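A short worksheet on the structure shown next.
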Amino acid sequence: MAKRVPLPGCVFCGGRPLTAEHALGKWFRTTAGLAAPARVTNYRDDALTHEKYKPSFSEKLRVACLTCNTDWMNDLEEAVLPSVTEMVRGRPGRCARPRRCCTATCRGSPGRTRAC
């Protein structure tokens, strides 16, 4: 099994400190019905070291810095939340504020700008 190596910085801007962010937000897991418990097992050197149950898709990853996580990533999540919620429920969804979605996505990292 591969050893987990911490990232030197944010995957978007290289900044620090890195924050623990859910791979899928709690709002998405709840809306999509993915919150059922799942068995999680940890191994070290092919030997079982730990076993527990926790909500599916609740893993937290340290890949984004505090600034990116609370700034543009949060703006993007808020902008797409209504549309994604509708699509998860099987209804058509459309970004109510396409310019805001685009701005949040294209802004990327501090100090860099690009046109959409």
> For VAL63, which sequence-distant residues (separation of 5 or more, or a different chain) have an amide H within less than 5 Å of its own amide H, given hydrogens modelled in the peptide plane?
Replying inline: THR19, GLU21
> Taking every eigenvalue of the Cα gyration tensor of the stretch 18-107, multiplying by 5 and rooting it, what semi-axes result, largest first, whole Å?
Replying inline: 31, 19, 8
> If we count other beta carbons within 10 Å of each Cβ, what is the order of LEU76, LEU18, LEU24, fewest first?
Replying inline: LEU24, LEU76, LEU18
> What number comes out for the charge environment of ARG29, summing +1 per Lys or Arg and -1 per Asp or Glu over other residues with Cβ under 15 Å away?
Replying inline: +1
>> Checking a compactness column here: for the stretch 30-76, what do you get for Rg(Cα) / (2.2 N^0.38 Å), N being the number of residues?
In response: 1.60
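Coordinate-derived values only; no laboratory data. Note that this is a predicted model, so its numbers are computed, not measured. Neighbour counts are summed over all protein chains in view; Cβ atoms, including those assigned to glycine, are modelled from backbone coordinates with ideal geometry.
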